[in-house]
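The next block holds one structure in the form of structure tokens; read it before the comments.
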Amino acid sequence: MGLFSFIKNAGKKLGIGGDDDAPDVEAVKKELASHDLGTDKVDVTVVEDKIVLTGTVKDQSIFEKAVIAVGNTLGISQVEASELKVAESASETPAAAKTPVFYTVKKGDNLWKIAETQYGKGKGAKNTAIFDANRPMLTHPDKIYPGQVLRIPDLEQA
């Protein structure tokens, strides 16, 4: 789990720069904090059009949400998270971290279509799992846009 790609000219605009300008580090930190994910132990660095996340998060879900929260930012093409660690619970046996599954929204997509693409024909009703996995960044199931990157949860964990 290290480098994640995003579409540079799609996403939420932070700050006052032009469309291709990367936002400043304070704007990105503020955006990440606004989602109240529990990322208070995460440090953010902006290097050109790449965001570097370091520190520790509570679980895999927060790791993935932190990546998409900052990656879905106008002017950002990559998120480097190789130094962002998932804390292990003392009661759990250490397990290999799962590679996150992300999906880039295409023109004409909706969550039902994405669920059928990711989970198989006839599984469109699982779109609620995708919506829930992307809260609080998604506020409504119909408010997705081309170029946006979404988390696709494992149905066993959703």
Inset, instruction - Divide, for the stretch 105-146, the radius of gyration over alpha carbons by 2.2 N^0.38 Å, where N is the residue count. - result: 1.06
Legend entry - In the stretch 3-86, lysine pairs with alpha-carbon atoms under 17 angstrom apart (chain gap of 8 or more, or interchain): 20
Inset, instruction - Would you kindly give the portion of the calculated P(r) for the chain that falls above 27 Å, as a percent of all Cα pairs? - result: 22
Legend entry - Most mobile listed residue (87, 66, 133) in the chain, GNM with C-alpha springs under 10 Å: 87
Legend entry - Test item: Cα-centred dipole of the chain, Lys/Arg +1 and Asp/Glu -1 on Cβ, debye: 620
Inset, instruction - Bin all alpha-carbon pair distances of the stretch 3-86 at 10 Å intervals from 0 and give each bin's fraction as a whole percent. - result: 21, 57, 21, 1
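Just so you know, all these numbers are worked out from the coordinates, no wet-lab data involved. Nothing here was measured: the structure is a model prediction, and the numbers come from that model. Cβ coordinates were reconstructed from backbone atoms using ideal geometry, including for glycine residues, and neighbour counts include every protein chain displayed.
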